[in-house]
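Undergrad: Let me begin by handing over the structure; questions about it come next.
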Amino acid sequence: MPMYKVRSFHGASGAVRAEHFPICMYRLQNLHRGPAATAPPHQEEVDPSLLALESRQEEILKRLYELKTAVDGLSKMIQTPDADFDVTNIIQADEYAPLTASAADLDSMLGKDYGALKDIVINANPSQPPLSLLVLHSLLCERYKILSAVHTHSSVKCVPENLLKCFGEQNRKQSRHEYKLGFTLIWKNVPKPQMKFSIQTMCPIEGEGNIARFLFSLFDQKHNAVTSTLIDSWVDTAIFQLKEGSSKEKAAVLRSMNTTLGKTPWLGGNELTVADIVAWCALQQTSCSNGVPANVQKWMKSCENLAPFNSALKLLQ
């Protein structure tokens, strides 16, 4: 015998009955109706700000793709030996600023110390004197009133007399605040030259090439991107290949220098740059200074005709 009876939901014709739910329930859409009677789903309106953001994103992606295409094209032109892209023409058309600067320039580049002397302190090993930094010191002395000093650290037992007097006789007759810049060289047992300028605002700079870049920036020379990149490349080449590289690397650098100096009087173009200073000093401190190609030899004589180079050359004698 059945436990309970269940009402039939299907009539005699098999059609589904329309059941009315109590008022406490909610009504559901009748899924048994025809597709024509089905109400269209409600579409939410898209926020205009989202549409604007999507359009902006598409525009940025398009511009990035165009920029990537342009950069790829330039890289292929530079790396291809027979490309119709003469970097020498760009260098010759570059505008150079003379090696002059004012006290206001120093404030903008080094920051204001409100009356305190801006002091550059360099630690260097006397067994490997940073010749380029001494040349740059002489050039800076021609532009600024510099308070120079040379000291010896306790880690060094003996320093040659010529290195102790590399800045000449320093007889200070004026008060400290009358100088525009301080330049202190400390002979110390360090693996590579180190420069400290402002402990509060910058970390130490290591390496002769990096310090030379910083010191030469005080002349505030302006170059375009291509020329600046070539100058940086020559500085690295002089330090890592010409000064510290193998004989094959040095020979390759001399050939490249000879080709460049056949087109322009200086490595960076028509004016003296930090690349010439570092490269000349690297040649003087290696065995490559003898038997160099003709254009390199002419360039070396042009450097030595300048007083700062000639003074540094006496330190090697």
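The values are calculated or read from the model by the stated rules, or taken from the named source; none is laboratory data. This one's a predicted model, so the numbers in the text were calculated from it and none came from an experiment. Ideal geometry is used to build each Cβ from the backbone, glycine not excepted, and the neighbour counts take in all protein chains shown. Side chains included, ligands, DNA and RNA excluded: accessible areas come from the protein's heavy atoms. Shrake-Rupley method; radii C 1.70, N 1.55, O 1.52, S 1.80 Å.
Undergrad: With every protein chain left in place, what is the accessible area of residue 72 in Å² (1.4 Å probe, nearest 10)?
TA: Here the accessible area works out near 60 Å².
Undergrad: Residue 151: accessible area at probe 1.4 Å, nearest 10 Å²?
TA: 90 Å²
Undergrad: For the stretch 191-251, what does the equivalent ellipsoid look like in terms of its semi-axes, each the square root of 5 times an eigenvalue of the Cα gyration tensor, given largest first in whole Å?
TA: Numbers: eigenvalues 115, 67, 10 Å².
With the √(5λ) rule applied to the stretch 191-251, the semi-axes are 24, 18, 7 Å.
Undergrad: Provide 65, 179 ordered by accessible surface of protein heavy atoms (probe 1.4 Å), highest first.
TA: 65, 179
Undergrad: Same structure again: Of the listed peptides 215-226, 120-131, what is their order by residue-averaged count of other C-beta atoms within 10 Å, with the highest listed first?
TA: So the peptides 215-226, 120-131, ranked by packing, come out 120-131, 215-226.
Undergrad: Sorted by accessible area (1.4 Å probe), largest first, how do 175, 247, 132 line up?
TA: So, going from the largest accessible area down, we get 247, 175, 132.
Undergrad: Considering only the stretch 115-248, what is the antiparallel percent among its DSSP beta bridges, to the nearest 5?
TA: If we restrict to bridges inside the stretch 115-248, about 30 percent are antiparallel.
Undergrad: Here's a follow-up. I'd like to compare 269-281, 183-195, 152-164: which one has the highest average count of other Cβ atoms within 10 Å, and what's the full order after that? The partial results should precede the final answer.
TA: On the way: 269-281: 25.0, 183-195: 18.6, 152-164: 12.1.
Listed from highest to lowest mean packing, they are 269-281, 183-195, 152-164.
Undergrad: Would you mind checking 188/314; 165/250; 118/192 for any pair whose Cα atoms are more than 25 angstrom apart?
TA: Too far apart for the 25 Å limit: 165/250.
Undergrad: Provide the solvent-accessible area of residue 53, counting protein heavy atoms only and rolling a 1.4 Å probe, rounded to the nearest 10 Å².
TA: So the heavy atoms of residue 53 present about 110 Å² to solvent.
Undergrad: Starting from the Cα of residue 255, move 7 Å in the Cα-to-Cβ direction to define the label point; list residues of the stretch 268-305 whose amide nitrogen is under 14 Å from there.
TA: 293
Undergrad: Related question: What percentage of all Cα-Cα pairs in the stretch 209-280 are separated by more than 15 Å?
TA: Everything past 15 Å amounts to 52 percent.
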